[in-house]
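Trainee: Provided herewith is a single structure, encoded as structure tokens, for subsequent inquiry.
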Amino acid sequence: MIVYAQATAQDLLEAIPAYEAVGCDLAAISVAWMRKYTRDVALGTFEVRKVSFPAVNFSSVHLILSPLVRDEDGRRTLAPVAAWIVANGVTDLRIVGEGHWNRQHQYSRNGGASWGRMAVSGSAPRQPAPTQTVEPDIPAPEEVPT
């Protein structure tokens, strides 16, 4: 198994309020991080819509939190994740797997000495039904007498 990302619960809990403040706009956060990373060392903070994000270990934090964003009442949120981390005494989270498609979140309650599989419940918001426009058959052109 490969460890793709690992972060402490403290790092995640410190980052979640910033994600919430920008409506969990993962695209805007990713772009701002890439701009910071390509111009500067990956230390300090970077800003998204005047909200400061910690840059230290950001790529791991973002990779862990991104699939956990949920849509509740028409609003994207990580609040349930923060509550779950605190309620379960989680000290660390990581993503492990093999290859591109076989990945899973794991959690630890003892600083990484042992790991349990995080059950990711729920699903992505339901997509609207596709719309289809039915065009009537176009009649053949009438022949013009010559």
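Trainee: Which residue, of VAL56, VAL96, is out of contact with any Ser or Thr (no Cβ under 7 Å at 6 or more places or on another chain), modelled with pLDDT of 90 or more and within 23 Å of ILE2 (Cα to Cα)?
Mentor: One residue alone meets the criteria, VAL96.
Trainee: Which of the residues belonging to segment 32-48 are open to solvent by 70 Å² or more (accessible area, probe 1.4 Å) and among the hydrophobic types (A, V, I, L, M, F, W, C)?
Mentor: Answer for segment 32-48, where residues must be open to solvent by 70 Å² or more (accessible area, probe 1.4 Å) and among the hydrophobic types (A, V, I, L, M, F, W, C): MET34, VAL41, LEU43.
Trainee: I would also like to ask the following. So which residues in segment 1-20 are of a type in the set (A, V, I, L, M, F, W, C) and open to solvent by less than 70 Å² (accessible area, probe 1.4 Å)?
Mentor: Once the filter is applied, which keeps residues that are of a type in the set (A, V, I, L, M, F, W, C) and open to solvent by less than 70 Å² (accessible area, probe 1.4 Å), segment 1-20 yields ALA5, ALA7, ALA9, LEU12, LEU13, ALA15, ILE16, ALA18.
This table checks each residue for (1) within 15 Å of the chain's Cα centre (by Cα); (2) modelled with pLDDT of 90 or more; (3) loosely packed, with under 14 Cβ neighbours inside 10 Å.
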residue: LYS50; (1), (2), (3): no, yes, yes
residue: HIS62; (1), (2), (3): yes, yes, no
residue: ARG70; (1), (2), (3): yes, yes, no
residue: ASP73; (1), (2), (3): no, no, yes
residue: THR77; (1), (2), (3): yes, yes, no
residue: THR131; (1), (2), (3): no, no, yes
residue: PRO136; (1), (2), (3): no, no, yes
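Trainee: Let me ask you something else. Condition (residue is without any contact (Cβ under 8 Å) to a residue 40 or more places away in the chain and hydroxyl-bearing (Ser, Thr, Tyr)) applied to segment 41-63: is it met by at least one residue?
Mentor: yes
Trainee: Within segment 1-35, which residues are over 13 Å from the mean Cα position of the chain (by Cα), outside any strand (DSSP E or B) and more than 12 Å from SER52 (Cα to Cα)?
Mentor: MET1, ALA9, GLN10, ASP11, LEU13, VAL31, MET34, ARG35
The values are calculated or read from the model by the stated rules, or taken from the named source; none is laboratory data. Predicted, not measured: the structure shown is a model, and the values here were computed from it. Every residue, glycine as well, gets a Cβ built from its backbone with ideal geometry; the counts of neighbours run over all protein chains shown. SASA here: full protein model, heavy atoms, side chains in, ligands and nucleic acids out. Shrake-Rupley method; radii C 1.70, N 1.55, O 1.52, S 1.80 Å.
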